[in-house]
1. Report yes if residue 129 is hydroxyl-bearing (Ser, Thr, Tyr) and within 14 Å of the chain's Cα centre (by Cα), otherwise no.
2. Look through segment 105-164, keep the residues that are aliphatic (A, V, I, L, M) and in contact with a Ser or Thr (Cβ under 6 Å, 6 or more places away or on another chain), and return whichever of them is nearest to residue 72 (Cα to Cα).
3. Suppose the filter is part of a loop (DSSP other than H, G, I, E, B), of a type in the set (A, V, I, L, M) and closer than 30 Å to residue 115 by Cβ; does residue 24 pass it?
4. Can you pull out the residues in segment 51-69 that are in a loop (DSSP other than H, G, I, E, B) and either in contact with a Pro (Cβ under 7 Å, 6 or more places away or on another chain) or under 12 Å from residue 85 (Cβ atoms) (or both)?
5. Residues in segment 63-85: is at least one exposed (fewer than 10 other Cβ atoms within 10 Å of the Cβ), more than 26 Å from residue 155 (Cβ to Cβ) and modelled with pLDDT of 95 or more?
6. What are the residues in segment 129-164 that are in contact with a helix residue (DSSP H, G or I) (Cβ under 7 Å, 6 or more places away or on another chain), over 18 Å from residue 68 (Cβ atoms) and assigned to a loop (DSSP other than H, G, I, E, B), if any?
7. Could you list, in sequence order, the residues of segment 109-128 that are assigned to a helix (DSSP H, G or I) and buried (at least 18 other Cβ atoms within 10 Å of the Cβ)?
Amino acid sequence: MFDELLTANTTYAEGFTLEGIPPVAARGFALVTCMDSRIEPLTMLGLHPGDAKILRNAGARVTPDVIRSLVLATRFLDVREIAVMQHTNCALADETDGGVRSRLAAEGTRGVEGWEFLAMPDPDAALATDVALLRSCPQLPEEVVVEGWRYDVATGRILRVVPA
């Protein structure tokens, strides 16, 4: 697989057109979303390379690293609006950290007993909590606007769950 990917990159590099795009977010937008492969952030929002900062992790959760990245994006890269976008049919939705640990143990995974997986027994509550965490972060500029969205993987539509 690695060889196939690197071969594809050679073809990509031959037609590379993104040189010269500035490092700032041209549209002033950052999206925190899940690593789920059904999510195509730029395409689904009508954005292009250079328009936004995209941060992805399991469950689209606001973690210390997401906060660190957003502080840098808002302070140095012109981000003024942030959406936290979770999605339907997420493996962490309607689940607990204990349930995730049990599933991992059943597959033979060891050494994760103390890990926080940030499972979401109540996805809407988790999204509201993550938005509140960003809104109350003193390191983010006061004028930054944060919303919470839910992407429907069956229809491609986005619902505002926590409006600005």
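The values are calculated or read from the model by the stated rules, or taken from the named source; none is laboratory data. All values reported here derive from a predicted model rather than from experimental measurement. In this analysis, Cβ positions are derived from the backbone assuming ideal geometry, glycine residues included, and neighbour counts consider all displayed protein chains.
1. It is false that residue 129 is hydroxyl-bearing (Ser, Thr, Tyr) and within 14 Å of the chain's Cα centre (by Cα).
2. Ranking the qualifying residues of segment 105-164, first place goes to 140.
3. Criteria not met by residue 24.
4. Passing the criteria: 61, 62.
5. yes
6. If the condition is that a residue be in contact with a helix residue (DSSP H, G or I) (Cβ under 7 Å, 6 or more places away or on another chain), over 18 Å from residue 68 (Cβ atoms) and assigned to a loop (DSSP other than H, G, I, E, B), then 156 is the only one that fits.
7. 123, 126, 127
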